[in-house]
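Every number in this text was worked out from the coordinates using simple rules, so none of it is lab data. Because the structure is predicted, anything quoted here is derived from the model rather than measured. Positions of Cβ are backbone-derived with ideal geometry, glycine not excepted, and every protein chain shown enters the neighbour counts.
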Amino acid sequence: MSKILILGGAGFIGSILSQTLHEQGDEVTIFDTLFFEPKARDFSPFRLVQDDIRKKEELEPEIKRADAVVNLAALSNDPVSDLDPQLTWDINHAANSVIAELCAKYGKRIVFASSCSVYGFGQETFHEESETNPLSLYAKTKVLSEKIYEDKATDVVSLRFATAYGYTAKPRFDLVVNSMVGTAHFQGRLVVHGGSQWRPLVHVKDIARAIHLAIHAPTLPGRVYNIGSNEQNYQIIDLASHIIEFFPDAKLGREEENFDPRSYRVDFSKAEQELGFRAKHTIAEAVQEFQEAFRAGKIPSMNVDEYYRVKYLKNNFVPSLK
């Protein structure tokens, strides 16, 4: 049994990761502000530390206690990062300097949750050695934080995740697949803006598997890995056409105007070759998971603030977090 500390472990990915690690025999500590927890919930069988990663005095004993650390903590996605740039910078970038120092000090492996959004835009297929082109503050903090861990000589594995999707105990509908599924179900329609832009995708369960592999791999040739699958590089219009097949009464529309400048295809072969990771889960599985949740009444509506990071922050922002 290994003691794993998950920073930001109460959220969308953390809710799956904590369970995955527990099932594999690890002892999990979740370190989280619980800012996105409007209602109290039971975190057993996990150990919970409610605190802020920017507080070194609270963070240090937890890193010292752990065998390995996973940093999921961030103000996630591009629109959220623009709401309060200074807060984003403090959480998504500056805090990583302290985390890196502590992990180096105590000799702990750190798995850092990065993003394929660091590639930004391009016609080529990006791999780990490709030049990065971050187009948003969120993506820039990921690139710079990867470098922090490298410069601090930590035992780091940076995983550049494709765009996550799938149903979890902490649902989100501000992710492209989840948004399409929810809109098709509740509104009976899908409207694609642009559609020719490329996006790589990965199921949240596969993200959890990749993190588990990165934690426990005895040696790693590389320190940066793209996590996703070559088969799940989608143009947005093709993705929408695939999802709409599961909702025969829903209509698909398309508008030429595209509000998102990003477009990138990514190669994921390095993670398969060196980390032993290959994605197992599909868009079809995720749709079925959501449809089961809809039928069970677990998601009676999409109109819940906490399903959208931007909406939740705008309507529930707590100034004392600054």
Note to self: Per 0.36 nm of contour for each residue apart, how much would the distance between A169 and S196 grow if the chain were fully extended, relative to their Cα-Cα spacing?
What the structure shows: 6.5 nm
Next item on the list: Enter the angle in degrees (range 0 to 90, nearest 10) between the Cα long axis of helix 95-106 and the first principal axis of the Cα atoms of the chain, meaning the one along which they spread out most.
Entry: 40 degrees
Next item on the list: Give the relative contact order (percent, whole number) for the range 99-149; include only Cα pairs under 8 Å separated by 6+ residues.
Entry: 37 percent
Margin query: Once you place label points 7 Å from the Cα toward the Cβ at Q24 and Q86, how far apart are they in nm?
Written below: 4.0 nm
Note to self: From Cα pairs below 8 angstrom and at least 6 apart in sequence, can you work out the relative contact order of the range 3-321, rounded to a whole percent?
What the structure shows: 19 percent
Note to self: Rounded to whole Å, give me the distance from the Cα center of the range 174-252 to that of the range 1-67.
What the structure shows: 25 Å
Notebook entry, point to check: Along the charge dipole of the chain, Cβ charges K/R +1 and D/E -1, which of S263, A40, H93 sits furthest on the positive end?
Noted result: A40
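Can you give the charge dipole size of the chain about its Cα centre, rounded to the nearest 20 debye, using +1 on the beta carbon of Lys and Arg and -1 on the beta carbon of Asp and Glu? If you can, show how the numbers build up before the last one.
Numbers: 37 positive and 44 negative charges, 95 e Å.
The dipole of the chain has a size of about 460 debye.
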Next item on the list: Provide V191, V177 in ascending order of the number of other Cβ atoms located within 10 Å of each residue's Cβ, fewest first.
Entry: V191, V177
Note to self: Could you tell me the relative contact order of the range 1-101? Use alpha-carbon pairs under 8 Å, at least six residues apart, and round to a whole percent.
What the structure shows: 31 percent
Check: Length gain on complete extension for the stretch K314 to Y106, per 0.36 nm per residue less the alpha carbon to alpha carbon distance?
Finding: 71.1 nm
Item checked: Extreme residue, positive dipole direction of the chain, given options L83, L21, Q123 (C-beta unit charges) -> L21
Note to self: Under a Cβ-only charge scheme (Lys and Arg +1, Asp and Glu -1), can you give me the dipole magnitude of the range 56-199 about the Cα centre, in debye to the nearest 20?
What the structure shows: 420 debye
Checklist line | Modelled FRET efficiency - R0 41 Å, E58 with S241, Cβ distances, 0.05 increments | finding: 0.30
Next item on the list: At 7 Å along the Cα-to-beta-carbon direction for both A217 and E37, put a label point, then send me their distance in nm to one decimal.
Entry: 3.1 nm
Item checked: Residues with amide H under 5 Å from that of D267, placed H, sequence gap 5 or more -> F126, H127
Notebook entry, point to check: Where does helix 56-65 land angle-wise versus the long Cα axis of the chain, in degrees 0 to 90, nearest 10?
Noted result: 80 degrees
Margin query: To test your reading of the geometry: what angle, between 0 and 90 degrees and rounded to tens, separates the Cα axis of helix 176-187 from the longest principal axis of the chain?
Written below: 40 degrees
Next item on the list: Give me the number: length gained by fully extending D155 to S301, i.e. 0.36 nm times residue separation minus the C-alpha to C-alpha distance, one decimal in nm.
Entry: 48.3 nm
Check: Along the positive direction of the dipole of the chain (beta-carbon charges: Lys, Arg +1; Asp, Glu -1; about the Cα centre), which of F186, I299, I148 reaches farthest?
Finding: I299
Check: Using the count of nearby Cβ atoms within 10 Å as a rough guide to exposure, how do Y264, Y312 rank from fewest to most?
Finding: Y312, Y264
